[in-house]
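The values are calculated or read from the model by the stated rules, or taken from the named source; none is laboratory data. None of these values were measured; they are calculated from a predicted model. Here the Cβ positions follow ideal geometry from the backbone for every residue, glycine too, while neighbour counts run over all protein chains shown.
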Amino acid sequence: MALARLSLPTNPPSMAWIALYSLIFANLPDVDYLFGFIVGRPNAFHRDWTHSLVFALGIAVLFMWIRFLKSSTVEIRSSLLVFGLISSHLVVDYFALDMSDPVGIPLFWPFSSEHYIAPIILFRDVHKGVTNAAFFRVLFSSHNLITLLSELMIFGPFVAISYWILNRKTQRFNAESK
């Protein structure tokens, strides 16, 4: 949300739309769980090709193309925001504890099959069930609640600062418009 707030024009769309788009694009790499659900093992494809910079770039270009078809204008700024939101997920996963095999994310897929993980872990892991039946039961555990709260504590200040900056920018814009 901080990325979205800071990159939007002075008079942005409603906060509900900012939150929705931020939530969707920042979590889009986890669409790989759907492929796992199809085969009965939700984690089977997690942290695979959807956790790469090529995926982030591809979705940003697709977004730009769809917006162009809709409005006949090339929206570079919005596409960069989409790339940034998806990449923010990659950054968090890069710095997160990963106990699965292979450890890390395939950041440079398809050019490299190597998985990358930071030498310093900043974020806790998220527990997930290995079967479709257990996935959500385990997902909504006390361990994951603590993980969520710790991430809110880390990222909350960035969102608050982005609100403060945007409010100042809006106040300046309104003062100059008078």
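Some notes on this structure:
- Given (1) under 20 Å from L152 (Cα atoms); (2) of a type in the set (A, V, I, L, M, F, W, C); (3) part of a helix (DSSP H, G or I), number of the condition L69 does not satisfy: (1)
Results for (1) out of contact with any helix residue (DSSP H, G or I) (no Cβ under 8 Å at 6 or more places or on another chain); (2) closer than 21 Å to W17 by Cβ; (3) aliphatic (A, V, I, L, M); (4) modelled with pLDDT of 95 or more, shown as yes or no for each residue.
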site: I76; (1), (2), (3), (4): no, yes, yes, no
site: V91; (1), (2), (3), (4): yes, no, yes, yes
site: F95; (1), (2), (3), (4): yes, no, no, yes
site: S100; (1), (2), (3), (4): yes, no, no, no
site: T147; (1), (2), (3), (4): yes, no, no, yes
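- Cβ pairs under 8 Å, 6+ apart, first in region 157-177 and part of a helix (DSSP H, G or I), second among the charged types (D, E, K, R) and surrounded by 11 or more Cβ atoms within 10 Å (Cβ to Cβ): V159/R5; S162/R5; Y163/R5; I165/R5; L166/R5
- Considering only residues in region 17-53 that are outside any helix (DSSP H, G or I) and aliphatic (A, V, I, L, M), the one that is surrounded by the most Cβ atoms within 10 Å (Cβ to Cβ) turns out to be A44.
- Residue in region 31-47 that is β-branched (V, I, T) and within 12 Å of the chain's Cα centre (by Cα) present: yes
- Applying the criterion of being of a type in the set (F, W, Y) and not in a loop (DSSP other than H, G, I, E, B) to the residues of region 115-147, the residue that is surrounded by the fewest Cβ atoms within 10 Å (Cβ to Cβ) is F136.
- No other residue among S112, S72, S79 is surrounded by 13 or more Cβ atoms within 10 Å (Cβ to Cβ), among the polar types (S, T, N, Q), without any contact (Cβ under 8 Å) to a residue 60 or more places away in the chain and more than 19 Å from V126 (Cβ to Cβ) apart from S79.
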